[in-house]
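The values are calculated or read from the model by the stated rules, or taken from the named source; none is laboratory data. As the structure is a prediction and not an experimental result, all values here were calculated from the model. Here the Cβ positions follow ideal geometry from the backbone for every residue, glycine too, while neighbour counts run over all protein chains shown. Note: accessible area is taken over every heavy atom of the protein model, side chains too, but ligands, DNA and RNA are not part of it. Shrake-Rupley method; radii C 1.70, N 1.55, O 1.52, S 1.80 Å.
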Amino acid sequence: MEGSLTARDRVGIQDFVLLDAYTSETAFMDNLRKRFNENLIYTYIGTLLVSVNPYKELGIYTKKQMDIYMGVNFFELPPHIFALADNVYRTMISETNNHFILISGESGAGKTEASKKVLQFYAVCCPSTRLLDNVRDRLLLSNPVLEAFGNAKTLKNDNSSRFGKYMDIQFDHQGAAVGGHILSYLLEKSRVVHQNHGERNFHIFYQLVEGGEDELLRWLGLERNCQKYRYLIQGECAKVSSINDKSDWKTVQKALTIIEFSEKDIEHLFAIIASVLHLGNVHFEASAHGYATLNSSAELLGIPSNILQEGLTHRKIEAKAEEVLSPFTAEHAKYARDALAKAIYGRTFTWLVNKINESLVNKDSTRKTVIGLLDIYGFEVFDVNSFEQFCINFCNEKLQQLFIQLTLKSEQEEYEMEGIEWEPVPYFNNKIICDLVEEKHRGIISILDEECLRPGEATDFTFLEKLEEKMCGHPHFVTHKLADQKTRKTLERGDFRLLHYAGEVTYSVVGKFHLIHKFKNCLLLFKVMRQSKNSIIQHCFHTIEPDGKKRPETVATQFKSSLAGLTEILMTKDPWYVRCLKPNHCKQPDRFDDVMVRHQVKYLGLMEHLRVRRAGFAYRRRYEIFLKRYKALCPDTWPHWKGTPAEGVQRLIKHLGYKPDEYKMGRTKIFIRHPRTLFATEDAFEICKHELGKAPATSDKRRLPFPEGVVMILIETCWRGLQARRERERRAWAVKVIKKFIKGFMNRNQPVSMDNSDYLAFVRQSYLTRLKDNLPKSVLDKTIWLTPPPIMQEASVLLRKLHTRLLVRKYVRGISAQQKLQIKALTSDIFKGRKENYPQSVCQPFADTRISEQDINIKVLQLICPEGIKYSVPVIKYDRNGFRPRFRQLIFTQAAAYLVEEAKIKQRVNYSSLKGVSVSDLSDNFLILHVTCDDTKQKVGDCLLYLTRMHYTYTELLSFCSVRFDIQPGKEGFVDFKSSSESMVYRAKNGHLMVVSPHNPMHTT
């Protein structure tokens, strides 16, 4: 770090502690801006890392960068997230104690990415075995799963975490990752039922709809169209250019498999996601008495429809010894529906986190050291701040309190350990604000609980009145009623304002702090949920919910309790901090918004932290490191110092002329009070380096003992020697590998031994790689299979069987459920042994339709959609007069068959008038629809059609008839079939239509 100080005017200072004007916010911002403009996004405040989101790729997270920072002193290289991660890891191993890294900042500042980089670094630097790799993979793949279920697109960030996450990574005594545990905090459940304009619901909903397989969507009753679901369209941005929902869906599926979710768990999990979407489409209407009635229903969540309907439209009232069901109004029913959707999703998310924890659990009971990662939302101030912002900002108050306490504690401990007198540091103690929120019986949360659970009709304003009564005169609380004349103009009547450590925030209670008397109205719904056949729902709602006899715990109280638990966990660990900053609102690279960044610097408490770190000494280093760097500045210490490092440093600073009030000598470190003292030392060293390199030998002991010009030769010699040694090592390795390969080839037919094991492993890998690219694509393809080497004969037979089973499984899954299996069997019964080209049709997959609705003219769709389209296929229709071919679309609905030409319906055949269907026994694809017509004046009759998917179309109609057909009522026509070397269709001289099929035997009909 000291080496970069010479360029401080251009690129700023790597550690804010070395800022001379450390109390100046302007100086702080100038340094941050300088570094950002040079693509230096990381800066230290002591051991705290400040990170500015660059909104572009910088190429600083490669494997090579990880290797550079691995095992290096914290301040030896430029600031980096890898430097902090490595220092935490090495300190944990050497001191065998627990640590945590707190990553905070506002949405879009890069918190989630920072936590990913830390995990990726540990995945590379930790010892590796097959078992440990499994743990590593699960730790890494827990991220995409939690992001899918807990992240969403917001106005500030396309992948914003809508929950707080604390992950413990457990390490054994060798530093290998052996397990983990995740805690989640305050999932933004309100997003399930409502999104602001320009925002989306949680990613998993869109991933399921856009990326889910057709068979899965049919089973879940979903359509591949987000516009069909009310819970997905409120933000009016279901599609986002930066998000690939289909690709993310595949990643989530792979992750769930590796984390060891069973197929049943995955089915039930996605059934719940689909059920939430269906629940959002449930509508209520007011009856004649104003009560809610359902006008739509579905088999949701494995619960009988009538039971779910009763739960959504009624509440339970206890009257003395009996229970009475009271109907909801339509408005209350909508609230109950949304409350149920939020409860289902919130509890399912908790189940998901617990399930991931089961796969990460460390089964070894021996003591483990832990590194915790806390990725949590930063301080939030919006135009309208609701209950979520209140909880988030309270969380930040508690963490700021912990932050200052732990920082002061670590500073004081270091001073005491070095034998330097500790000087008390003045700082703002935000305990008064924490007590304002969480104090028992008098805090805002306690008052909210009382209002939510007291008898009678509690409203938003009765809650506000109670706050004004209890908080009157508090210096950090004000409302419209309690404010002075000037402040009152900035507050609405439903607002209250808190003066947080980071500034004032105004909260609105109107419609935002919904009271929990409504929670009691939903108790019947929670009992209904226990009747579900879905195992996850049963698990999530298995406990008895509060029923009025026991005081229920509100969301705010639950959050306060979980936050207290988190604080206890963190107090037992050594802290490290990453503060993430967002440079602009537009997510643009190379743009630094001073006002916005200054605001974040304020509410993240960076100036406060800097002030605490600078209250004593700005710079401290171990004697060995300080002496090694600066010993050339003193003739007595250059080139070699014979005494102890402490004595050498004492001699050095005496020579440099340090004043007594500028430094202190500790037991193992030197402490320098002012940055300017260090800057002067570093500037002198920069000059000295050049003198040492170019000056000839003199009596001055600081000069190199070599003639002029020899220095460069020595450096070149050392460098060439290093390159030669590396080349020799590389060649020695290559010779060893080639020898082993040749020896293995010579012994390839012998039993596995040390001589041939590596060669045989190469043969196996080579064969499997080639086989992967040349696998059969169809069950009927029996010819393609690579000839295996002798060592792979047995494995090849097993792999071929497995691959065949896989192809069969894919084929069966593609047939889409039981009804298509029945169609398959029926097609076989009809055509097997009767139709020459039936065997060629077996490998053709079934499909619900051969023409998508987008390819059917919209006018035709408007006419026939009410009947419900069942199947459609392109055909060629031959005219009854002259047998001219015409391209048509054959569309089956529930009521009739239609022949369509672009925007015109050319013929409608009611199924009641269809007396039969005929085909030949040759290899042609002709099909004749026999139509009954009582009115001889109408020019309608049998339809002669050619279609490539004749077998499937025929099976859809399930009828048999003779091949003769009517040209018009009262007249007859014939089709003659025969076999030849090539297929043809033409009008014969006898006036019949001649169909020639490519086959040797001749058939006539």
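Leaving out ligands and nucleic acids, note down the accessible area per residue over the stretch 360-501 with a 1.4 angstrom probe, in whole Å².
Counting only protein heavy atoms, the per-residue value for the stretch 360-501 is 48 Å².
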Proximal aspartates and glutamates relative to residue 363, as straight alpha-carbon distance under 13 Å, when same-chain residues fewer than 8 apart are discounted: 172
With a 10 Å radius around each residue's Cβ, average the other Cβ atoms per peptide and rank 653-664, 147-158, 190-201, highest first. 147-158, 190-201, 653-664
For the stretch 863-934, the Kirkwood Rh over every pair of distinct alpha carbons, in Å, works out to 13.3 Å
What figure, in Å² to the nearest 10, do you get for the accessible area of residue 337 with a 1.4 Å probe and non-protein molecules left out? 10 Å²
Report the Stokes-Einstein translational diffusion coefficient (µm² s⁻¹, integer) for the stretch 340-395, Rh taken as the Kirkwood radius over Cα pairs, at 4 °C with viscosity 1.567 mPa s. 87 µm²/s
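Got a number for carbon plus sulfur as a percent of the stretch 219-267's accessible area, 1.4 Å probe?
46 percent
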Can you give the net charge of the other residues whose Cβ lies under 9 Å from the Cβ of residue 279, counting K and R as +1 and D and E as -1? 0
Packing-based order for 94-102, 40-48, 916-924, using average beta carbon neighbours within 10 Å, highest first: 40-48, 916-924, 94-102
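For the peptides 727-734, 32-39, 271-278, what is the packing order when you average, over each peptide's residues, the other Cβ atoms within 10 Å and list the highest mean first? All intermediate terms of the calculation are to be shown ahead of the outcome.
On the way: 727-734: 10.0, 32-39: 17.6, 271-278: 22.6.
Output ranking for 727-734, 32-39, 271-278: 271-278, 32-39, 727-734.
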For the stretch 478-485, what does the Karplus curve 6.51 cos²θ - 1.76 cosθ + 1.60, with θ = phi - 60°, yield as ³J(HN,Hα) per residue in whole Hz, taken in order and with x for Gly and Pro? 8, 10, 4, 6, 8, 7, 6, 4
In the neighbourhood of residue 724 defined by beta carbon distances under 15 Å, the net charge of the other residues (Lys, Arg +1; Asp, Glu -1) is +3
A convex hull over the alpha carbons of the stretch 36-83 yields, per residue, a volume in Å³ of 75 Å³
Pairs from 56/582; 56/587; 165/582; 117/153; 264/527 whose Cα-Cα separation, in the structure shown, is over 18 Å: 165/582; 117/153; 264/527
Skipping prolines and chain starts, which residues have an amide H placed within reach, meaning under 5 Å, of the one on residue 50, given they are 5 or more residues away or on another chain? 43, 44, 45, 579
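Per residue, what accessible area does the stretch 161-249 have, given a 1.4 Å probe and all protein chains present, in Å²?
Working: 3600 Å² over 89 residues.
Value for the stretch 161-249: 40 Å² per residue.
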If amide H atoms are built 1.01 Å from N in the plane of the peptide, which residues on other chains or at least 5 residues away come under 5 Å of the amide H of residue 917? 930, 960, 961
